[in-house]
1. Place a point 7 Å from the Cα of Arg105 along the Cα-to-Cβ direction; which residues of segment 134-152 have their backbone N under 19 Å from it?
2. Using amide H atoms built in the peptide plane, which far-off residues or other-chain residues are under 5 Å from Val170 H to H?
3. Give, in nm to one decimal, the length gained when the segment between Ala70 and Ala82 is fully stretched (0.36 nm per residue of separation minus the Cα-Cα distance).
4. Please state the shape class of segment 84-174: rounded when a/c is under 1.5, otherwise prolate if a/b exceeds b/c and oblate if not, all from the C-alpha gyration tensor.
5. Residue by residue through segment 114-121, which ³J(HN,Hα) values in whole Hz follow from phi under the Karplus form 6.51 cos²θ - 1.76 cosθ + 1.60 (θ = phi - 60°), with glycine and proline marked x?
6. Which one, Gly26, Ile85, Thr139, projects farthest toward the positive side of the charge dipole computed for segment 2-200 from Cβ point charges (K/R +1, D/E -1)?
7. Which loop trypsin sites (Lys or Arg not before Pro) in segment 1-110, with loop taken from DSSP, have no more than 15 other Cβ atoms within 10 angstrom of their Cβ?
8. Grab the eigenvalues of the alpha-carbon gyration tensor for the chain, scale each by 5, take roots, and send me the semi-axes largest first in whole angstrom.
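Nothing in this text is a laboratory measurement; each read-out follows from the coordinates by a stated rule. Since the model is a prediction, treat every value here as computed from it, not as a measurement. Positions of Cβ are backbone-derived with ideal geometry, glycine not excepted, and every protein chain shown enters the neighbour counts.
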Amino acid sequence: MLVTDRHLAGGLEALVAAVEAAVEGGLNAVQLRERDLPPTDLLALARRLRAVTSGRALLFVNSSLEVALAAGADGIHLPEAAPTIERPDRPLLVGRSVHSREAARRAWGECSDYIIAGPIFGTASHPVSRPAGLELVQTIAGAVAIPVLAIGGITAYRVEDVVRAGASGVAVISAVLEADSPRRAAEELRQALRGAWAATE
């Protein structure tokens, strides 16, 4: 999963181009997380990302159920402290960020479809957050029966470690958005995941 950051990508146009390139490289999920955008601008961006991900990758919108529904997104992603949402009539995946075993258990109990756990390693996007290490992945993966994605300082070289610790996949920001080639970065992450899954079967 690629978590968006238009500032890191170099602006809106660069972000859309990076997402499209990463999807072409095998990325299969995008989380639109642009917390400082007003709702109308967020919806416009969500629709653009829906166009480049349609039929190729899942699109999640962070926090805003209204934008997710209006853009035809596949799901919504909630921060750890966000209240539980009432699911709409149409199918909608729901994910949640967590930072502890207790929060993961709560997310599972409220029928979240997946969890993002972190930050696992040091990360520029959350410089004041203390890295939790692989132990967090191990603890959470052993406590819930839904997919756990590891986030925070994830690179292709660290994929095998987090998968061995129990992660089903990874979520990244800078590994793709700061790469010279977002498509190649996505390809490398995808290849690393396939290798890690094969090694842990």
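1. 135-148
2. Ala150
3. 2.3 nm
4. Prolate shape, in that a/c is at least 1.5 and a/b is the bigger ratio.
5. Whole-Hz 3J(HN,Hα) from phi for segment 114-121: 7, 10, 10, 10, x, x, 7, 10.
6. So the residue we want is Thr139.
7. Of the trypsin sites (Lys or Arg not before Pro), the ones in loops of segment 1-110 whose Cβ has at most 15 other Cβ atoms within 10 Å are Arg35, Arg56.
8. With the √(5λ) rule applied to the chain, the semi-axes are 24, 21, 15 Å.
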